[in-house]
Amino acid sequence: MASTTYPPVGPAVNPRVAISGMGIRAATTPRMAATQTGMWVCVCAIFMCFAALVSALVVREGSSTDWRHLVLPRILYFNTLILFASSYTLEVCRQRFAATVRQEVGPVDTPHASPLPWLYLTIMLGGIFVTGQCLAWRTLAAHGFYLATNPSSSFFYVLTAMHGLHLLGGMVGLIYMARRLTRSVTSTQASALSATAVYWHFMGLLWIFLFLVMAIRL
């Protein structure tokens, strides 16, 4: 008795392609986790470095007889607000980008859905912060406080300069992310943006810590 053959329902699935796709998705998750873990390790290392500098500041102040207290430039208060605003704009960018990924939208050139304007605004605010720090140095120099004038002024220049350099590194990362986001939206880029946001928010919290230390100790 001859058997009846029925045509397949729906498109045929290549097992190799399916397995390959599963492998790609499985490999993406460890990569994202590694990105986040690496960023947290970097953040902890940076914090330990600044904690050592602050410890040296406290010890030097306690054992010094020539310590002169500084009047911090008022522009530092404005710089603090700018850095807080940049954290807000970056968080808005991250949330909009995550929503775009969930909607599985390819390019991010749609004006109402694009997170790029918020990312550009964050970069601009970071540049304003660094410029404000330079103005703070000029203010101290105008009052006769230079790097080698006094131990207190030395610590001010070192702490603010190191923080500014690390912030510039974060700006480079944001510029790199902006270039990638102009091309496409992927879950890998979302993970990279989240890791960059962790670094940037940490720079904001670190500045608050340094600002309080300098206001109390310098």
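For the reader, a short list of remarks on this structure follows.
- Across region 66-86, the qualifying residues are those that are more than 15 Å from VAL130 (Cβ to Cβ) and open to solvent by less than 100 Å² (accessible area, probe 1.4 Å), and the one among them that is nearest to the chain's Cα centre (by Cα) is LEU72.
- Among residues of region 41-65, those that are at pLDDT 85 or above, exposed (fewer than 14 other Cβ atoms within 10 Å of the Cβ) and either over 14 Å from MET214 (Cβ atoms) or of a type in the set (Lys, Arg) (or both), counted: 11
- THR196 of a type in the set (S, T, N, Q), crowded, with 20+ Cβ neighbours inside 10 Å and under 23 Å from ARG94 (Cα atoms): yes
- MET171 vs. criteria buried (at least 19 other Cβ atoms within 10 Å of the Cβ) and not hydroxyl-bearing (Ser, Thr, Tyr): yes
- Residues of region 171-185 satisfying the condition of being modelled with pLDDT of 80 or more and either basic (Lys, Arg) or part of a helix (DSSP H, G or I) (or both): MET171, VAL172, GLY173, LEU174, ILE175, TYR176, MET177, ALA178, ARG179, ARG180, LEU181
- Just one residue in the set ALA98, ALA136 is modelled with pLDDT under 95 and open to solvent by less than 60 Å² (accessible area, probe 1.4 Å); that residue is ALA98.
The values are calculated or read from the model by the stated rules, or taken from the named source; none is laboratory data. Predicted model only: the values in this text are computed from it and were never measured. Glycine also receives a Cβ, built like all others from the backbone with ideal geometry; neighbour counts cover every protein chain displayed. The area values use the complete protein model at the heavy-atom level, side chains included, leaving out ligands, DNA and RNA. Shrake-Rupley method; radii C 1.70, N 1.55, O 1.52, S 1.80 Å.
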